[in-house]
Every structure is written in C-alpha cells, then in structure tokens.
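Notes follow the structure.
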Amino acid sequence: MNDDDEVDLLVDAWAARIPEVDFTPLDVMSRLRRVALRLNELRADAFRRSDLSSWEFDVLAALRRADPPHEMSPMALSRATMIGTPAMTNRLENLHERGLIVRKPNPNDGRSNLARLTDDGTARVDAAMVALVRLEADELELLTGAQRAQLASLLRLLGSPAS
C-alpha cells in the first residue's frame, strides 16, 4: 500500500525532473503551507460563528489582551496587529459603527482617541477564541502530547529570526 500524499507526489515529480537538487526543503515548506491554509480555514470558521471577519478578530483580540479597561491607541493597535495606521483608522471606524468598540479622547494626547472594547466586542472575541481553540484542538488530536510539544518547539525554532 502506498501512503504517499500530494506533497510526496509533488516532490517526487520535481526530483525526477531535476535529480541533482535536494527537495527536502520543498517537502517541509509545502507541508507547512498546507497546514497554514488549513489554519486559515479554521480561523475563518471560528470567526464567522461570532459574526467577525479575520481583521475584526485581530483588532478586538489585541484590545482584549490589553490590561483592563481593554483600550489602546490606534498607533499601539497598529503595532500590535501589524496593520498600517490609515487602515487601522478605517477598521476602528467600522468596529465603532458595529458597536464592538467605543472611542474616547486620549487623556495623554489631545489629538488622538483610544479604542475600548464594548461588552458585545468582548463577548464576540471571547466566543471566537474559544471556538478557534476547540477547532485547533480537534485538528491536533492525532498527535500525542509529546508530539505537540515537539512540534511547537520546532516551529518556535523555525519561526524565530535568523541569528
């Protein structure tokens, strides 16, 4: 019985065409790409259940992780989410219109506002996070605890900046 998956077939096809190249990196990175695509699907599903888009979740999650009263400046939110300031301004306006955040003057800077989570924003982002963690746990069930720890360690190493 042949247990080759699509990545194995892809790597084998390339290796047959360019036999002098070691395609091990393609084998690893293609699998990571497929896992990343699956994670995007899980995230979208979890967020949709709470009537949130991915970008809405990212902004609300940054606010939720902030210390109470869960408020941040647009600049701090831009840094936390890696979203440009002009885009953040538009996103905050949208979240405000949906009643997921309130905006108030920044006492430390009279030229800017602070964004603060509303009760509805908190409930939605919490529900989305719980749904996401449950979906991710289901995906990881085929791994043992030791395998999960090893995978997390390897991904941490791979994801850290090159020294």
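The values are calculated or read from the model by the stated rules, or taken from the named source; none is laboratory data. Computed from a predicted structure; not experimentally measured. Neighbour counts run over all protein chains shown; Cβ positions are idealised from the backbone, glycine included. For the accessible areas, the whole protein counts, side chains as well, though only heavy atoms, and no ligand, DNA or RNA atoms are used. Shrake-Rupley method; radii C 1.70, N 1.55, O 1.52, S 1.80 Å.
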Apart from one, (1) more than 30 Å from residue 51 (Cβ to Cβ); (2) more than 22 Å from the chain's Cα centre (by Cα) all hold for residue 148; the odd one out is (2)
Checked pairs for region 1-23, first under 20 Å from residue 35 (Cα atoms), second open to solvent by less than 40 Å² (accessible area, probe 1.4 Å) and hydroxyl-bearing (Ser, Thr, Tyr), C-beta under 9 Å and 6 or more apart or across chains, list as 6/30; 7/30; 10/30; 11/30
The condition from (1) open to solvent by 60 Å² or more (accessible area, probe 1.4 Å); (2) in a helix (DSSP H, G or I); (3) not β-branched (Val, Ile, Thr) that residue 121 misses is numbered (1)
Apart from one, (1) more than 21 Å from residue 125 (Cα to Cα); (2) β-branched (Val, Ile, Thr); (3) touching a residue at least 12 places away in the same chain (Cβ under 8 Å) all hold for residue 59; the odd one out is (1)
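Residue-wise test of (1) farther than 27 Å from residue 32 by Cα; (2) of a type outside the set (Asp, Glu); (3) modelled with pLDDT of 95 or more.
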site: 58; (1), (2), (3): no, no, yes
site: 61; (1), (2), (3): no, yes, yes
site: 83; (1), (2), (3): no, yes, no
site: 86; (1), (2), (3): yes, yes, no
site: 96; (1), (2), (3): yes, yes, yes
site: 140; (1), (2), (3): no, yes, yes
site: 149; (1), (2), (3): no, yes, yes
site: 155; (1), (2), (3): no, yes, no
site: 158; (1), (2), (3): no, yes, no
In the set 112, 73, the lone residue that is more than 27 Å from residue 136 (Cα to Cα) and touching a residue at least 40 places away in the same chain (Cβ under 8 Å) is 73
The one condition residue 146 fails out of (1) surrounded by 10 or more Cβ atoms within 10 Å (Cβ to Cβ); (2) in a helix (DSSP H, G or I) is (1)
Residues in region 124-138 that are exposed (fewer than 13 other Cβ atoms within 10 Å of the Cβ) and either farther than 29 Å from residue 96 by Cβ or over 15 Å from the mean Cα position of the chain (by Cα) (or both) total 3
